Amino acid sequence: MGQPKIDTSPKVSDEIRKTTCYMCACRCGINVHLTSGKVSYIEGNRDHPVNKGVLCAKGASGIMQVTAPSRLQTPLRRVGPRGSGAFEPISWDEALDLAVSWMKPLRETAPEKLAFFTGRDQSQSLTGWWAQAYGTPNYAAHGGFCSVNMAAAGIYTIGGAFWEFGQPDWKHTNLFVLFGVAEDHDSNPIKIGIGKLKARGGKVIGINPIRTGYNAVADDWYGITPGTDGLLILSLIHCLMEAGKIDLDYLSRWTNAPLLVNGAEGPEKGLILKNAESQPFVIDRRTGMPAPWDGQGVEPDLGAVWQGHRTVFQHMAERYLSDDYKPEAIADQVGIPAARIRGLAAELSRAAFDQAFTLPIKWTDFRGDTHDHMVGRPVSFHAMRGISAHSNGFQTARALHLLQIVLGAVEVPGGYRLKPPYPKPVEAHPTPHFVTAPGKPLSGPHLGYVRGPENLALKEDGTPWRIDKAFTWENPFSAHGMMHMVIPNAHAGDPYRIDTLFLYMANMAWNSSMNTTKVMEMLTDKGPDGEYVIPRIIYSDAYASEMVAYADLILPDTTYLERHDCISLLDRPISEPDAAGDSIRWPVVEADRDVRGFQSVLLDLGARLGLPGMVNPDGSAKFKDYADYIVNHQRRPGVGPLIGWRGDGSKTGRGEPNPDQLARYIENGGFHQAHVPEEASYMKPWNAAYQDWAVATSFYETPQPYLFNIWSEPMRRFQLAAEGQGFIQPPDHLRERLKVAMDPLPLWYPAYGDEGAAEFPVHALTQRPMDMYHSWGSQNAWLRQIRGKNFLYLPTKIWTAEGFVDGDYARVTSPHGEITVPVAHMAALNADTVWTWNAIGKRKGAWALDDGASEAKEGFLLNHLISELLPERGDGRRWSNSDPVTGQAAWFDLRVRIERVGPQAKAQPQFDTLPRVVPKGEGR
Amino acid sequence: MTCLPAHTDKKLGLVVDLDTCVGCQACVTACKGWNDQGYGAALSDQDPYGADPSGTFLNRVHSYQVTPHDGGTAKIVNFPRSCLHCEDAPCVTVCPTGASYKRSEDGIVLVNEDACIGCGLCAWACPYGAREMDAEAQVMKKCTLCVDRIYNENLPEEDREPACVRTCPTGARHFGDFADPDSTVSKLTRDRGGVPLMPQLGTKPVNRYLPPRPKDRPEEASLLAPLLDIKAQGLAGWLDRMLGKLD
């Protein structure tokens, strides 16, 4: 029988439409193939700066998300008891009228009674602007329970953060060190980078209790004890300083190490010493005399002592050379032998100094000094939630930046590079705005960077302005708000009661809340008057998540292929170190249901409420929809959501609105890039060419050069207050905690979860797989076949000691609760740590899955074990289970004990089946 | 019985780098997506939102844990598995209808679905578990090396490679001709000691796996030596010595 003849050149599709993925937060470019008007295949866009053609498991499965049976179909109004799932379909006009009938009176009387919080929101520059126009102080996105420690510590230290705000110089780095990375974050860029680095023979080091994913391919793995990363990092700094392996030139020129710390007792103690013009200064090595910090030719003396005031560098030496940070002193705590810690320090030093190189790039710094080359230090770092979701996460993230700084490896060739609009100093960010007045907008954006106690969102009586108590003494730098505290605080009426809770794309009745069981009760709890304690809940989502059942009004959103979006430089763009970039989504297919993009709905609501900026003088709606806003909204004259093809189409960054702008984006594959000039490509915070380019491209109005803040003055101001200085004083019960947590020089203290954890000897973590994004993947016909069930992974020590066998379940008990879950053995794991995949567990009835779905039967969440409050400490007060600096949810402080219970039929706790708002899914 | 070609002009296949595969499953769904609308019957899914979903996948990734006997650190190896396009493919010779065949021009092992009776013998014969019977179409499905991509004149030249290779974020998958000693796959196999899977079975797989590089061996270079005895000379002594380096 002959070989059959086959068609090796079949037609692939009718058309390719290029847009931006939203199967996770990475924002990769995708080619959506359409055949007969339907999506037939999705692949990565080769020209796209984020993913360069590749695509992850989620991205390629997007085709199953667009047709998922869990998609909401129409606006719904609750008609039965909350949580019963009794809804009636209503028209959009009815839905919007209802929302306005709730929101309008509140705005006119007490705008703070509307709390608007958004989850996986990629339109925060719109949602924040809307909330500002409405006038409620109660707005934030999900950063508070995600990774604000990482963001804020970066901004306060180097003027930019890990994740999407920077990346290793993949082209030149030789050694890449990852701390506690969530595998789904910035996932394709990191995977591409690791692949390139390994192909060049470079080395990857993973520091993580769990060896999966990136840590599985790491050439060297340090299975650290959770919550001790800061201690390890400071010990590495100890080793490097002890050996003199630090970049003195870098420290003296580009950081505040040579600035003098005021040593005189009094209200200025510990602040950076200023001259008569209120300017910090240095001691010039050439003269031994004070000189301007930014003076041309000045050679700052790192070791200076002037009139009793010592440099930041002297303080560093005193702290980090202390025996407390010797590897031998900390090895047991971090779970890594001292010799390995010393070996790691030697490797860092070898990469930074023995493999140093230069690039022949001429540049001029902000002092006016010119340089004929740039020094490369081929060692780079990346970190994410693993180190930041602890109650010592802010200080730990600062410590990691300090480690990069002493190696001279930030913004240099081979090191860690920031992406425009970063670097950007704290001073270029707004402070928080929160003062409300009925019928009026807020005077500025909600979220910002606090410089001192005077910026706290506290009323004259000391009570918080915000429902989440962000920007208070309990968490002064809560730059992303604290979404995880909104429902508990609103339920408790602490600091006050609200009327309407307005949520977007945040599964707060399930995997996005700590203490999930209790939160579900709070959502349905009634007061003595028979009314719900949280009177009204409006929720917008595209899918039948667990949260939907708890809403009074549901505004169904579209899927990501049916909508406009903009990934804006005003928000979280798609820049690369060498180019500012932004992108769009556009409806590559039309929605086949009565749903609307949430951003268009928000603008419609704004117009109906008459919010400033959203209506014309005659009261009519200013924007037809989100697409209209993307093109025509101007935040400042000439500066809008997108930087590309402004004005007549030839302008970038600044220029009047261009009606043709979206068409130009679509023509270009859905994105735009503005390239950084070569001489501006590194040393950006200090590089005059970069500063000028950043002004021209609209990131700020004047050049903003700055020094890296090894010593943080904003932190010291809080410490001073805690010591009794100044008029604005913290409550006494927080003084001691503030003195430690707000230390201006990075330090480590044990995570709060460790306190009283003697009966709970095991650390418990979650991480997200690369093939699932939060709760979204389970509704996907393909992804749930890959990961439809989660196990609690136990290290060999526990597995053996408790006599576990395959098929067993374990009872897991924390200070807060108890769950019973399936277990599996994993040897490549810190010996005192257990972990599971996040958000695989689902509630029965949600996501259009069968009641018997493995996600609901055997799948589980650790959330039931985690309280939003720490146990009472004997003084009648309960602190929030959050970082004391930023309020970041301390998910990973969790401590548990494990008992074998043998095989079980299902995981516990189980909940009643959620009433279905969409039918159970059948075929694909 | 179906005959294998005595010789193939090319030996097309994949190199999979186990040193860089992070187990992200990107290749799994890219393959599913392409082949669901590509060569032959679609890759069906049964009860996709039900209690026990199952579907046809031509490529799956498994993770294995390796605990060295010498007490060294445990390791995870992510292992993508698909048809190896064997030179002595038992799945071909076992086929009663000639549906399973190896192409003489490039060595790709394919199923002619028109001739496939769904008997499943080939899946039994394959020692690698690389074939899956589609429950809906009742024909045998397997990796085609994207035969409808690699020669496809409707695709830009750079896209004429298997979907799994095009999508792999870490660049762990490579496609090419093993008969050409100068091809990337041949060179990688030489340079990195690429291995066939279970060669003792005599199936002569074409695909090669690059083994993980040795791990957890911190270079044994000397540790950092302290600048001086800080205890004896004090912080001031350290500062003097340290800052003296600037001059």
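Before moving on, here are some points about what is shown:
- Some residue of region A:771-793 being touching a Lys or Arg at 6+ places or on another chain (Cβ under 9 Å), more than 14 Å from chain B (Cβ to nearest Cβ), surrounded by fewer than 23 Cβ atoms within 10 Å (Cβ to Cβ) and over 30 Å from A:MET826 (Cβ atoms): no
- Checking B:ARG217 against (1) of a type in the set (D, E, K, R); (2) away from chain A (no Cβ under 14 Å); (3) surrounded by fewer than 16 Cβ atoms within 10 Å (Cβ to Cβ), the condition it does not meet: (2)
- When region A:800-830 is limited to residues that are within 12 Å of chain B (Cβ to nearest Cβ) and hydrophobic (A, V, I, L, M, F, W, C), the one that is surrounded by the most Cβ atoms within 10 Å (Cβ to Cβ) turns out to be A:LEU829.
- From the list A:ASP369, A:ASP354, A:ASP332, the one residue that fits, being among the acidic types (Asp, Glu), touching a residue at least 40 places away in the same chain (Cβ under 8 Å) and in the same structural domain as A:LEU407 (by TED's automatic domain parsing), is A:ASP369.
- Counting only residues that are closer than 18 Å to B:ARG173 by Cα and charged (D, E, K, R), region B:1-54 holds 4 of them.
- Residues that are in a helix (DSSP H, G or I) and surrounded by 20 or more Cβ atoms within 10 Å (Cβ to Cβ) were ranked within region A:743-770; the one that is modelled with the highest pLDDT is A:TYR752.
- Enumeration of residues in region A:143-179 that are part of a loop (DSSP other than H, G, I, E, B), more than 14 Å from the chain's Cα centre (by Cα) and away from every other protein chain (no Cβ under 14 Å): A:GLY159, A:ASP169, A:LYS171, A:HIS172, A:THR173
- Flag for A:GLY669 being outside the structural domain of A:PHE892 (by TED's automatic domain parsing), farther than 26 Å from A:ILE224 by Cβ and without any contact (Cβ under 8 Å) to a residue 24 or more places away in the chain: no
- A:SER778 fulfils the conditions (1) in a loop (DSSP other than H, G, I, E, B); (2) farther than 26 Å from A:ILE387 by Cα except for a single criterion, (1).
- Any hit, region A:849-860, residues being touching a Leu at 6+ places or on another chain (Cβ under 9 Å) and surrounded by fewer than 24 Cβ atoms within 10 Å (Cβ to Cβ): no
- Any hit, region A:298-318, residues being over 28 Å from A:LYS739 (Cβ atoms) and exposed (fewer than 15 other Cβ atoms within 10 Å of the Cβ): no
- Residue under evaluation B:TRP124, criteria (1) out of contact with any helix residue (DSSP H, G or I) (no Cβ under 8 Å at 6 or more places or on another chain); (2) outside any loop (DSSP other than H, G, I, E, B); (3) within 11 Å of chain A (Cβ to nearest Cβ), criterion not met: (3)
- Candidate set: region B:45-78, residues that are more than 8 Å from chain A (Cβ to nearest Cβ) and among the polar types (S, T, N, Q); chosen: the one nearest to B:VAL15 (Cα to Cα): B:ASN59
- Residues considered: B:CYS91, B:CYS31, B:CYS27, B:CYS86. Of these, the only one that is touching a residue at least 24 places away in the same chain (Cβ under 8 Å), assigned to a helix (DSSP H, G or I), more than 12 Å from chain A (Cβ to nearest Cβ) and not basic (Lys, Arg) is B:CYS91.
- Flag if A:ALA345 is aliphatic (A, V, I, L, M) and out of contact with any His (no Cβ under 9 Å at 6 or more places or on another chain): no
- Filter result (surrounded by fewer than 23 Cβ atoms within 10 Å (Cβ to Cβ) and among the hydroxyl-bearing types (Ser, Thr, Tyr)) within region A:512-561: A:THR517, A:THR524, A:TYR532, A:THR559, A:TYR560
- Residues being surrounded by fewer than 22 Cβ atoms within 10 Å (Cβ to Cβ) and of a type in the set (Gly, Ala, Ser) - total across region B:76-123: 6
- Checking A:ILE237, A:ILE190, A:ILE207 one by one, the residue that is within 21 Å of the chain's Cα centre (by Cα) and over 24 Å from A:ASP578 (Cα atoms) is A:ILE207 and no other.
- Subset of region A:206-223 [more than 9 Å from chain B (Cβ to nearest Cβ) and either out of contact with any Gly (no Cβ under 6 Å at 6 or more places or on another chain) or not in a loop (DSSP other than H, G, I, E, B) (or both)]: A:GLY206, A:ILE207, A:ILE210, A:TYR222
- Criterion (touching a residue at least 60 places away in the same chain (Cβ under 8 Å), farther than 25 Å from A:TRP510 by Cα and surrounded by 19 or more Cβ atoms within 10 Å (Cβ to Cβ)) met by exactly one of A:ALA457, A:ALA479, A:ALA470: A:ALA457
- Which numbered condition A:GLY649 fails, given (1) without any contact (Cβ under 8 Å) to a residue 40 or more places away in the chain; (2) crowded, with 22+ Cβ neighbours inside 10 Å: (2)
- Residue count for region A:756-791, restricted to those that are without any contact (Cβ under 8 Å) to a residue 60 or more places away in the chain and either polar (S, T, N, Q) or out of contact with any Phe, Trp or Tyr (no Cβ under 7 Å at 6 or more places or on another chain) (or both): 3
- Region B:1-28, residues that are among the charged types (D, E, K, R) and at positive phi: none
- Spans of helices (runs of 4 or more DSSP H) in region A:12-114 with at least 1 residues free of Cβ contacts under 8 Å to residues at least 40 places away in the same chain, hydroxyl-bearing (Ser, Thr, Tyr) and farther than 28 Å from A:LEU849 by Cβ: A:92-109
- Apart from one condition, A:VAL740 fits all of (1) surrounded by fewer than 24 Cβ atoms within 10 Å (Cβ to Cβ); (2) touching a strand residue (DSSP E or B) at 6+ places or on another chain (Cβ under 6 Å); (3) not in a loop (DSSP other than H, G, I, E, B); the exception is (2).
- Listed by position, the helices (runs of 4 or more DSSP H) enclosed by region A:294-355 that each have at least 3 residues that are within 10 Å of chain B (Cβ to nearest Cβ) are A:312-320, A:338-349.
- Where a residue in region A:428-453 is closer than 23 Å to A:GLN691 by Cα and its partner, wherever it lies, is of a type in the set (A, V, I, L, M, F, W, C), with Cβ under 6 Å and at least six apart: A:TYR449/A:VAL426; A:TYR449/A:ALA479
- Within region B:158-168, tally of residues that are in a loop (DSSP other than H, G, I, E, B) and either more than 10 Å from chain A (Cβ to nearest Cβ) or more than 13 Å from the chain's Cα centre (by Cα) (or both): 3
The values are calculated or read from the model by the stated rules, or taken from the named source; none is laboratory data. These numbers come from a predicted model, not from an experiment. Ideal geometry is used to build each Cβ from the backbone, glycine not excepted, and the neighbour counts take in all protein chains shown.
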